[in-house]
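Beneath this line is the structure, given in structure tokens, with notes to follow.
The values are calculated or read from the model by the stated rules, or taken from the named source; none is laboratory data. Keep in mind the model is a prediction, meaning the values are calculated, not measured. Positions of Cβ are backbone-derived with ideal geometry, glycine not excepted, and every protein chain shown enters the neighbour counts. The accessibility values were calculated without ligands, DNA or RNA, using every heavy atom of the protein model including side chains. Shrake-Rupley method; radii C 1.70, N 1.55, O 1.52, S 1.80 Å.
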Amino acid sequence: MQLHLKIKFYIGAVGLLLLVACSSAERSPSSTNKYIEFDATKAQAIVSMAKRMIGMPYRYGGSNPLEGFDCSGLVLFTHSQVSRGIPRVSKDQFNQSSNIGLDQLMPGDLLFFRTGSTPTHVTIYIGDRKFIHAPSSGKEVKIGSMDNPYFKPRLVKAGRLY
């Protein structure tokens, strides 16, 4: 990885840790049957970290900026900066996240898409019907839209982990 990307990451990580350290909110138990109260401080930290990862390479199985990211690895990395017990794979992230309505979506929430018979792609919602994701091999972490003709019909769940 280029030196400027490493520096960008480390500066962002330090800022994120300071932001999270100022938060006094505790993590709610996570379950698909329980409502998880929105935590604006964690959400801001998740979105801020996700934005810093834009341009990082896609790498299957990747979950950190030194090697690159796949979609669930990006979620694992950004959410684990502010919470514990984040699952590694999209199927488990889907199962652990609390269902929320699209009208309840807040930055930092997750969007799950079905690209086959089951939900296989996860993204981080950033507001204004946009999300950050690691799309596929040969591409980079980038911003996408819920209104994109490919993604719009494949959305199966909005979820919250924190």
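Per-residue packing, averaged as other Cβ atoms within 10 Å, sorts the ranges 120-131, 95-106 into the order 120-131, 95-106, beginning with the highest. At the listed q of 0.16, 0.23, 0.24, 0.27 Å⁻¹, the Debye profile of region 52-108, built from one uniform point per Cα, gives log10 I(q)/I(0) equal to -0.53, -0.96, -1.01, -1.13. Solvent exposure of region 93-140, expressed per residue, is 45 Å² of accessible area, with all protein chains present and a 1.4 angstrom probe.
Sorted into 5 angstrom bins from 0, the C-alpha pair distances of region 35-148 split as 2, 13, 24, 28, 21, 9, 2, 0 percent.
Remark: accessible surface ordering of LYS42, LYS91 (largest first) is LYS91, LYS42, probe radius 1.4 Å. Of all the accessible heavy-atom surface of region 47-162, with the other protein chains kept in place and a 1.4 Å probe, what percent is carbon and sulfur? Summing carbon and sulfur atoms, their accessible area is 49 percent of the total for region 47-162.
From the P(r) of region 102-158, could you give the percentage of C-alpha pairs in the tail past 14 Å? When all Cα pairs of region 102-158 are counted, 50 percent exceed 14 Å.
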